[in-house]
Amino acid sequence: MNLDIFYKIGCAVKEWIQIFVEFVQLTYQTLYWLFVGPFHKKPVKSVAVFEQMVFMGTKSIIIVIFVMLFTGIVLAMQSAFQLSKMGGTIYVASLVSVSICRELGPVLTALVIAGRIGAAITAEVGSMKVNEQIEALETMGINPIRYLVVPKVVALFFMLPCLVVIGNFAGMVGGYIIGVLNLKINAYLYIQTAFKYLSLKDIYTGLSKTFVFAMIIALVGCYQGFHTKGGAVGVGRATTISVVTSFILIILADCVVTGIYYFKDM
Amino acid sequence: MPEKRVAISVQNLVKYFGGRKVLDGVSLDIYQGETFVIMGGSGCGKSTLLRHMTGAIAPTSGKVFFHGRDLTTMNDEEKEKLKRRFGMCFQSAALLDYLNVADNVGLPLVEHTHLDPKIIRMIVKMKLGLVGLQGYEDLMPNMLSGGMKKRVGLARAIALDPEIVFYDEPTAGLDPVVCAVVDKLILDLSHKLLLTSIVVTHNMESVYRIADRAAMLYRGKVLEVGTPEEIKNSKNPIVQQFIHGQIEGPIDFLRLDQESSELVDS
Ligand SMILES: Nc1ncnc2c1ncn2[C@@H]1O[C@H](COP(=O)(O)OP(=O)(O)OP(=O)(O)O)[C@@H](O)[C@H]1O
Ligand SMILES: [Mg+2]
């Protein structure tokens, strides 16, 4: 009975290690095809990268703006309520801009994109897997990592930071709406305060995270897609796991990167 | 008859899938230029055998030789080069669903050659002409019927002028007339392009129509190899039951496990 538990734990640990190893292999091969492959006359097609960029970038702008605008509004309302007790409603401006740029913009945008793009990647690769299309690519001598994974990773690597910049802007507009229209702060004063406490460092610490998030979303999406089993049901399950895994890893990575900046400055 | 060269030689192939033996010591020689049919009941390992021949999966033990070169120990780069000399027609056609017919057929050309897009379009048109689908270039795979998909898959398989074409159940799920058309297509292509064809099927009519030689696979073993005539006159009761589609006989659908395995061994 007791041994049974150990056996199960052992199996689970082995499975996790295997998943980790496979994930590292996928990452390694992606980097190989991105940087070494071109020297073997097998470049990644730039057309494919641009197609993915259009799909991932332009079609996510609306939802990112929507989410961040309302986050900015909510943040402004919540902080105004607290700050008004201390007579410092003017600081709503800087509070909103700093917390959006440092933290909320990158993380919320990444989560939205994980739900949208990460799920789409897994569904696409997964249904290709269960319909023998991945095997067909391999049989044609077309490496699926070069053909499918690299364009997605590269595209998201460049598009996510762009989306975050747009999202940050939308969030600050949200704060501005409350600050100027509701709290009656002078528009010029609001903008000045918003940028007074916002240093360049806030923006680039925020943006540096997004490169990590982009890799996580694209690679987890592809990994789950490649390991899809069992028809349409399998695709659905893989998609769910992909999104949940991305969420968890994004939060963990956020904690780690923030920690690095935090302890470095101490 | 001129001396026959062995194109593909399978030696003592054994494959386990998670503890279950799917292929159990398969040995076959396939000669250059012939049309070789692999037949057998559902789930007996035909597709798995085909996958080994194309190098898509590695055997548990045993070897596969392509013109004397061992596929199972080859590194990926060599294998990828070799795969350009193969064409494969999948059981589910396996067309990429985000590409239209012309792009699907042209995919191997785009990926493996540096031909001008105009020339690629001409080749695609010609290959589609060979399978009787000229004028369907701009349709998406989901607008095609099952039989048309299979023929597009066939056109894609011969896009790079391969030496060997593998067909996984090219006629399954098609009406008798289209069946005959596809069979005739396979024969025509083999004769016109001097291909070696390896066809998996469980349609006996097809076997008689196209096969130079045929092998009967049963529970992971080769029961019988020979010309269609020889197969027809086989003394093996399993082969007889299979080709006549009888319910009574050594293939017991409900108790597949014990008794018939003794027959195989004897
Ligand atoms: N990737 C895999 N993992 C586990 N088992 C597998 C895998 N591929 C095939 N099998 C098992 O191997 C056996 C043979 O499968 P295979 O696809 O070769 O059959 P088949 O002869 O092509 O059948 P059909 O005529 O239905 O296509 C089946 O029992 C199947 O469950
Ligand atoms: Mg099959």
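Could you tell me which of the residues B:Ser27, B:Ser42 is more than 16 Å from B:Val225 (Cα to Cα) and either more than 15 Å from ligand 1 (Cβ to nearest atom) or surrounded by fewer than 23 Cβ atoms within 10 Å (Cβ to Cβ) (or both)? Outline the logic, then answer.
Numbers: B:Ser27 fails: more than 16 Å from B:Val225 (Cα to Cα).
Going through B:Ser27, B:Ser42 in turn, the sole match is B:Ser42.
Within the range B:40-51, work out how many residues are more than 13 Å from B:Asp24 (Cα to Cα) and either within 10 Å of the chain's Cα centre (by Cα) or free of Cβ contacts under 8 Å to residues at least 60 places away in the same chain (or both).
Count: 4.
What pairs come up if the first residue lies in the range B:200-211 and is farther than 14 Å from B:Leu187 by Cβ and β-branched (Val, Ile, Thr), the second is within 15 Å of ligand 2 (Cβ to nearest atom) and not in a loop (DSSP other than H, G, I, E, B), and their beta carbons are under 6 Å apart, counting only those six or more places apart or on different chains?
B:Val200/B:Ile38; B:Val200/B:Lys46; B:Val200/B:Leu50; B:Val200/B:Asp168
B:Leu95 passes all but one of (1) at pLDDT 85 or above; (2) closer than 22 Å to B:Leu174 by Cα; (3) within 9 Å of chain A (Cβ to nearest Cβ); (4) surrounded by fewer than 21 Cβ atoms within 10 Å (Cβ to Cβ); which number fails?
Result: B:Leu95 fails condition (4) only.
Would you mind stating whether B:Ser47 is within 13 Å of ligand 1 (Cβ to nearest atom) and polar (S, T, N, Q)? Let's see the steps before the verdict.
Numbers: within 13 Å of ligand 1 (Cβ to nearest atom): yes; polar (S, T, N, Q): yes.
The answer is yes for B:Ser47.
If you go through the range A:107-123 one residue at a time, do you hit one that is more than 14 Å from the chain's Cα centre (by Cα), within 14 Å of another protein chain (Cβ to nearest Cβ) and assigned to a helix (DSSP H, G or I)?
Yes, the range A:107-123 has at least one match.
Restricting the range B:99-125 to residues that are surrounded by 14 or more Cβ atoms within 10 Å (Cβ to Cβ) and more than 20 Å from A:Gln133 (Cβ to Cβ), which is farthest from the other protein chains (Cβ to nearest Cβ)?
Checking each candidate, the answer is B:Lys125.
If we only count strands (runs of 3 or more DSSP E) wholly inside the range B:33-152, which ones have 3 or more residues that are within 16 Å of ligand 2 (Cβ to nearest atom)?
Working: elements: B:35-40, B:61-66, B:86-89.
Where strands (runs of 3 or more DSSP E) fall fully within the range B:33-152 and carry at least 3 residues being within 16 Å of ligand 2 (Cβ to nearest atom), they are B:35-40.
Among the numbered criteria (1) away from every other protein chain (no Cβ under 14 Å); (2) surrounded by fewer than 18 Cβ atoms within 10 Å (Cβ to Cβ); (3) under 24 Å from A:Gln133 (Cα atoms); (4) more than 18 Å from the chain's Cα centre (by Cα), which single criterion is violated by B:Leu128?
Result: B:Leu128 passes all but (2).
What number of residues within the range B:57-92 satisfy the criterion of being touching a strand residue (DSSP E or B) at 6+ places or on another chain (Cβ under 6 Å) and either within 8 Å of chain A (Cβ to nearest Cβ) or charged (D, E, K, R) (or both)?
So the count comes out to 6.
Which of the residues that make up the range B:162-172 are away from ligand 2 (no atom under 16 Å from the Cβ), within 13 Å of another protein chain (Cβ to nearest Cβ) and in a loop (DSSP other than H, G, I, E, B)?
Here is the first cut: in the range B:162-172, the residues away from ligand 2 (no atom under 16 Å from the Cβ) are B:162-165.
Right, trim to within 13 Å of another protein chain (Cβ to nearest Cβ) and you get B:162, B:164-165.
Listed by number, the list holds a single entry, B:Pro162.
Just name the residue that is farthest from the other protein chains (Cβ to nearest Cβ) out of those in the range B:14-32 that are within 16 Å of ligand 2 (Cβ to nearest atom) and either within 15 Å of the chain's Cα centre (by Cα) or within 21 Å of B:Glu224 (Cβ to Cβ) (or both).
B:Val26
Identify all residues within the range B:197-215 that are more than 16 Å from ligand 1 (Cβ to nearest atom) and surrounded by 17 or more Cβ atoms within 10 Å (Cβ to Cβ); write none if there are none.
Selection gives B:Ser197, B:Arg209, B:Ile210, B:Ala211, B:Arg213.
Just checking, does the range B:175-196 include any residue being away from ligand 1 (no atom under 16 Å from the Cβ), within 14 Å of chain A (Cβ to nearest Cβ) and either in contact (Cβ under 8 Å) with a residue 60 or more places away in the chain or small (Gly, Ala, Ser) (or both)?
no
The values are calculated or read from the model by the stated rules, or taken from the named source; none is laboratory data. Just so it is clear, the structure is predicted and the values come from calculations on it, not from any experiment. Positions of Cβ are backbone-derived with ideal geometry, glycine not excepted, and every protein chain shown enters the neighbour counts.
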